[in-house]
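Visitor: After the structure tokens below, expect a handful of questions from me.
The values are calculated or read from the model by the stated rules, or taken from the named source; none is laboratory data. Quantities reported herein were computed from a predicted structural model and do not represent experimental measurements. In this analysis, Cβ positions are derived from the backbone assuming ideal geometry, glycine residues included, and neighbour counts consider all displayed protein chains. Just so you know, the surface numbers come from the protein's heavy atoms only, side chains and all, with ligands and any DNA or RNA stripped out. Shrake-Rupley method; radii C 1.70, N 1.55, O 1.52, S 1.80 Å.
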Amino acid sequence: MHPAVEELTRLVPPPATARPRTWTETEHRLGTALPQDYKDLVDTYGGGVFDETIWILEPDCADQDYDLAAVADEQAEVLGNLWRGGEPKPAELAADGTNVLPFAYIEGTGAYLYWLTEETAKPDEWTVLANEGRGPEWEHHPVSAVAFVAGVLCGQIHSGTLGEPENTQHSFDSTPTFLAPTE
């Protein structure tokens, strides 16, 4: 297991219901390999929400709002329209071959967490770009996705996009608990 995921499991115990994924198909569908820390995160926790705030997107989620590929397609279109319409791209995307790929959604804000991808960088070298969602502000965090999530939860990473953690009792609720049929 990736060290960042091990650290996260010390902060927030994973559910017993997570199931390992077949990543080859997901990576083929996205057209890129994915960072190992993210794959270990999803294999350990599944998709879901940390502290009722940070929704981890997952492959093949029954709810398209939290499906990695569906959200990636949607955000590529949304951001493309904004940038063609004159909203400035973040400085980190000025170089040729750079792009963003969403991995998490911030509950109630419209904000997303993205990997900053580069043609010359391996997925395990990707860092985090946070976008406020309802405006042009972006924050770059030079850490991996899971290191970012763990850092925010334990107060080591501060983000204007996410705000400050409200407590030290952390939680994770898996997506299936929200998608379960009601009786």
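Visitor: What residue, of L101, L129, L153, is at pLDDT 95 or above, farther than 19 Å from P59 by Cβ and crowded, with 19+ Cβ neighbours inside 10 Å?
Guide: Just a single option satisfies the conditions, and that option is L129.
Visitor: With V5, V12 as the choices, which residue is over 19 Å from D67 (Cβ atoms), surrounded by 21 or more Cβ atoms within 10 Å (Cβ to Cβ) and in contact (Cβ under 8 Å) with a residue 60 or more places away in the chain?
Guide: Values: V12 fails: surrounded by 21 or more Cβ atoms within 10 Å (Cβ to Cβ).
V5 is the lone residue from the list that is over 19 Å from D67 (Cβ atoms), surrounded by 21 or more Cβ atoms within 10 Å (Cβ to Cβ) and in contact (Cβ under 8 Å) with a residue 60 or more places away in the chain.
Visitor: Hey, another quick one. Spot the failing condition for P20; the list is (1) open to solvent by 80 Å² or more (accessible area, probe 1.4 Å); (2) under 24 Å from H140 (Cα atoms), and only one is missed.
Guide: Only one criterion in (1) open to solvent by 80 Å² or more (accessible area, probe 1.4 Å); (2) under 24 Å from H140 (Cα atoms) is unmet by P20, namely (2).
Visitor: So in the range 35-58, with the set limited to residues that are among the β-branched types (V, I, T) and assigned to a helix (DSSP H, G or I), which one is nearest to S144 (Cα to Cα)? Write out each step before concluding.
Guide: Here is the first cut: in the range 35-58, the residues among the β-branched types (V, I, T) are 42, 44, 49, 53-54, 56.
Now narrow it down to the ones that are assigned to a helix (DSSP H, G or I): 42, 44.
Working: V42: 14, T44: 17 Å.
Here the residue is V42.
Visitor: Is there any pair linking a residue in the range 65-92 that is acidic (D, E) to one that is part of a helix (DSSP H, G or I), with Cβ under 8 Å and at least six apart or on different chains, and which?
Guide: Qualifying pairs under 8 Å: D65/V71.
Visitor: Follow-up question, since we're still on this one. Looking at (1) at pLDDT below 90; (2) touching a helix residue (DSSP H, G or I) at 6+ places or on another chain (Cβ under 8 Å); (3) open to solvent by 40 Å² or more (accessible area, probe 1.4 Å), find the lone condition where T109 falls short.
Guide: (2)
Visitor: Give just the number: which of (1) touching a Leu at 6+ places or on another chain (Cβ under 8 Å); (2) within 20 Å of Q64 (Cβ to Cβ); (3) of a type in the set (D, E) does E92 not satisfy?
Guide: E92 satisfies all of (1) touching a Leu at 6+ places or on another chain (Cβ under 8 Å); (2) within 20 Å of Q64 (Cβ to Cβ); (3) of a type in the set (D, E) except (2).
Visitor: In addition: For the range 59-82, how many residues meet the condition of being assigned to a helix (DSSP H, G or I) and either among the charged types (D, E, K, R) or open to solvent by less than 50 Å² (accessible area, probe 1.4 Å) (or both)? Walk me through how you get there before you give the answer.
Guide: Here is the first cut: in the range 59-82, the ones assigned to a helix (DSSP H, G or I) are 64-66, 68-82.
Adding the requirement that they be either among the charged types (D, E, K, R) or open to solvent by less than 50 Å² (accessible area, probe 1.4 Å) (or both) leaves 65-66, 68-75, 77, 79-80.
The qualifying residues number 13.
Visitor: Right, another one. Within the range 29-54, how many residues turn out to be closer than 20 Å to C154 by Cβ, touching a residue at least 60 places away in the same chain (Cβ under 8 Å) and either small (G, A, S) or open to solvent by 10 Å² or more (accessible area, probe 1.4 Å) (or both)?
Guide: Residues meeting the conditions: 5.
Visitor: Here's something else I'd like to know. Let me confirm something: among T26, T32, which residue is in a helix (DSSP H, G or I) and either of a type outside the set (D, E, K, R) or in contact with a strand residue (DSSP E or B) (Cβ under 8 Å, 6 or more places away or on another chain) (or both)?
Guide: Details: T32 fails: in a helix (DSSP H, G or I).
From the options T26, T32, the qualifying one is T26.
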